[in-house]
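Chemist: Take this structure, written in structure tokens, and hold onto it; I'll ask about it next.
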Amino acid sequence: MDPAVWSYVAAVAGGAGIGLLLTVFGGGGSVLATPLLVYVVGVRDPHVAIGTAAAAVAVNAAAGLAVQARAGRVKWPCALVFGGAGLAGSLAGAHLAKQMNGERLLFWFAGAMAIVAISMMLPKKVAGNPDAHLTSSLTLKLAPAGLLTGLAAGFFGIGGGFLIVPGLMAATGMTLANAAASSLVSVVLFGAATSVSYAAGGFVNVPVLGALVVGGVAGAIAGMPLAKALAGHADAARRVFAVMVLATAAYVGWRASGGA
């Protein structure tokens with residue numbers, strides 16, 4: 001098969017896998033997009049891989065946000081304060097990342113993947129206040145948390161949901177369902193800001209981005225029945241997925257540090 005054709009086929013297949021994982025596990029899957037682009041699709045420049053992955057994350061998160069908004073689960077005032085503060089952080093993080101050597105950036109990305117995997121293994125707090133609303137004191141908690149989270153999301157080109165959800169819950173006391181839905185506002189903003197920053201430097205591969213998005217939509221649709229089937233074993237399934245992310249992180253770190 002022609003290498004160019006293989007790249008697009010691999011991007012569609014990989015996007016489908018990530019879309020399926022995001023639908024089944026509700027987060028963490030987007031962190032696999034950059035390694036997929038570098039080691040499977042064949043995107044040679046890590047900066048292009050991160051910029052393209054960030055754009056795909058933003059598009060997929062926007063689709064998810066539309067669904068959650070229609071269901072009334074998004075706490076808009078809290079989500080906008082968190083995301084608005086993080087927008088500046090994501091732009092700063094993306095700028096810093098573009099100045100770093102590609103292989104060194106991948107090495108640090110592997111560390112971020114490991115943190116994502118460990119966070120997925122931790123017990124999830126499901127209780128909370130479904131009537132949580134924005135106050136002046138909550139704003140003082142949400143804004144700095146959003147700024148720091150945006151910085152990390154922009155630097156690594158990831159959605160950052162594994163940081164946003166617990167941040168929203170800790171600051172506002174909202175439920176896990178509300179936090180997961182509200183986090184998508186930040187994921188869209190951070191991903192869009194990061195990808196625009198990278199695109200300005202020519203670090204987004206538009207055809208590969210399109211293939212990722214097409215595959216992601218198909219994977220999300222395919223993942224819906226699987227998510228229902230695994231509903232009774234969600235914790236065990238998440239831990240299995242976390243081990244897969246951790247193993248991928250080890251591989252990325254090994255390759256970035258000079259492995260064959």
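Chemist: Within the range 116-158, can you find the residues that are crowded, with 19+ Cβ neighbours inside 10 Å and in contact with a Lys or Arg (Cβ under 8 Å, 6 or more places away or on another chain)?
Modeler: Within the range 116-158, Met120, Ala132 qualify.
Chemist: Further question: Give the range 195-204 a look and list any residue that's assigned to a loop (DSSP other than H, G, I, E, B) and buried (at least 22 other Cβ atoms within 10 Å of the Cβ), or say none. Before the answer, list the steps.
Modeler: Of the range 195-204, the ones assigned to a loop (DSSP other than H, G, I, E, B) are 201-204.
Of everything in the range 195-204, those that are assigned to a loop (DSSP other than H, G, I, E, B) and buried (at least 22 other Cβ atoms within 10 Å of the Cβ) turn out to be Phe203, Val204.
Chemist: Moving on to the next point. Can you find a residue in the range 157-168 that is at pLDDT 85 or above and part of a helix (DSSP H, G or I)? Please lay out each step first, then the result.
Modeler: Keep residues of the range 157-168 that are at pLDDT 85 or above, which gives 168.
If we keep only those that are part of a helix (DSSP H, G or I) too, we end up with 168.
Checking the range 157-168: at least one residue is at pLDDT 85 or above and part of a helix (DSSP H, G or I).
Chemist: Only one residue in Phe203, Phe156 is in contact with a His (Cβ under 6 Å, 6 or more places away or on another chain) and in contact (Cβ under 8 Å) with a residue 60 or more places away in the chain, so which one is that?
Modeler: Working: Phe156 fails: in contact with a His (Cβ under 6 Å, 6 or more places away or on another chain).
When all the criteria are applied, what remains is Phe203.
Chemist: From Ala211, Ala236, Ala192, which residue is free of Cβ contacts under 8 Å to residues at least 24 places away in the same chain, part of a helix (DSSP H, G or I), of a type in the set (A, V, I, L, M) and on the phi < 0 side of the Ramachandran plot? Working first, answer last.
Modeler: Numbers: Ala211 fails: free of Cβ contacts under 8 Å to residues at least 24 places away in the same chain; Ala192 fails: free of Cβ contacts under 8 Å to residues at least 24 places away in the same chain.
The conditions single out Ala236.
Chemist: Counting only residues that are of a type in the set (Gly, Ala, Ser), out of contact with any Phe, Trp or Tyr (no Cβ under 9 Å at 6 or more places or on another chain) and closer than 18 Å to Asn129 by Cβ, how many does the range 139-169 have?
Modeler: Of the residues in the range 139-169, 0 are of a type in the set (Gly, Ala, Ser), out of contact with any Phe, Trp or Tyr (no Cβ under 9 Å at 6 or more places or on another chain) and closer than 18 Å to Asn129 by Cβ.
Chemist: Let me spell it out: the conditions are (1) in contact with a Ser or Thr (Cβ under 8 Å, 6 or more places away or on another chain); (2) more than 19 Å from Ala112 (Cβ to Cβ), and Ser186 meets all of them except one. Which number is the exception?
Modeler: Of (1) in contact with a Ser or Thr (Cβ under 8 Å, 6 or more places away or on another chain); (2) more than 19 Å from Ala112 (Cβ to Cβ), only one is false for Ser186: (2).
Chemist: Any residue at all in the range 182-192 that's farther than 15 Å from Val57 by Cα and surrounded by 22 or more Cβ atoms within 10 Å (Cβ to Cβ)?
Modeler: Looking only at the range 182-192, we keep the residues that are farther than 15 Å from Val57 by Cα, and these are 182.
Next, from what is left, pick out any that are surrounded by 22 or more Cβ atoms within 10 Å (Cβ to Cβ): 182.
Yes - at least one qualifying residue is present in the range 182-192.
Chemist: Now for a separate question. Give the residue, chosen from Gly111, Gly51, that is in a helix (DSSP H, G or I) and within 14 Å of the chain's Cα centre (by Cα). Please lay out each step first, then the result.
Modeler: Working: Gly111 fails: within 14 Å of the chain's Cα centre (by Cα).
When all the criteria are applied, what remains is Gly51.
Chemist: Return yes when Ala177 is hydrophobic (A, V, I, L, M, F, W, C), within 19 Å of the chain's Cα centre (by Cα), buried (at least 24 other Cβ atoms within 10 Å of the Cβ) and more than 13 Å from Phe82 (Cα to Cα) and no when it is not.
Modeler: Against the criterion (hydrophobic (A, V, I, L, M, F, W, C), within 19 Å of the chain's Cα centre (by Cα), buried (at least 24 other Cβ atoms within 10 Å of the Cβ) and more than 13 Å from Phe82 (Cα to Cα)), Ala177 does not qualify.
Chemist: Also: Which condition number does Val74 fail, the rest of (1) over 26 Å from Asn205 (Cα atoms); (2) surrounded by fewer than 18 Cβ atoms within 10 Å (Cβ to Cβ); (3) at pLDDT 85 or above being met?
Modeler: Evaluating Val74 over (1) over 26 Å from Asn205 (Cα atoms); (2) surrounded by fewer than 18 Cβ atoms within 10 Å (Cβ to Cβ); (3) at pLDDT 85 or above leaves (2) as the failure.
The values are calculated or read from the model by the stated rules, or taken from the named source; none is laboratory data. These numbers come from a predicted model, not from an experiment. Note that we place each Cβ from the backbone using ideal geometry, even for glycine, and neighbour counts take in every protein chain shown.
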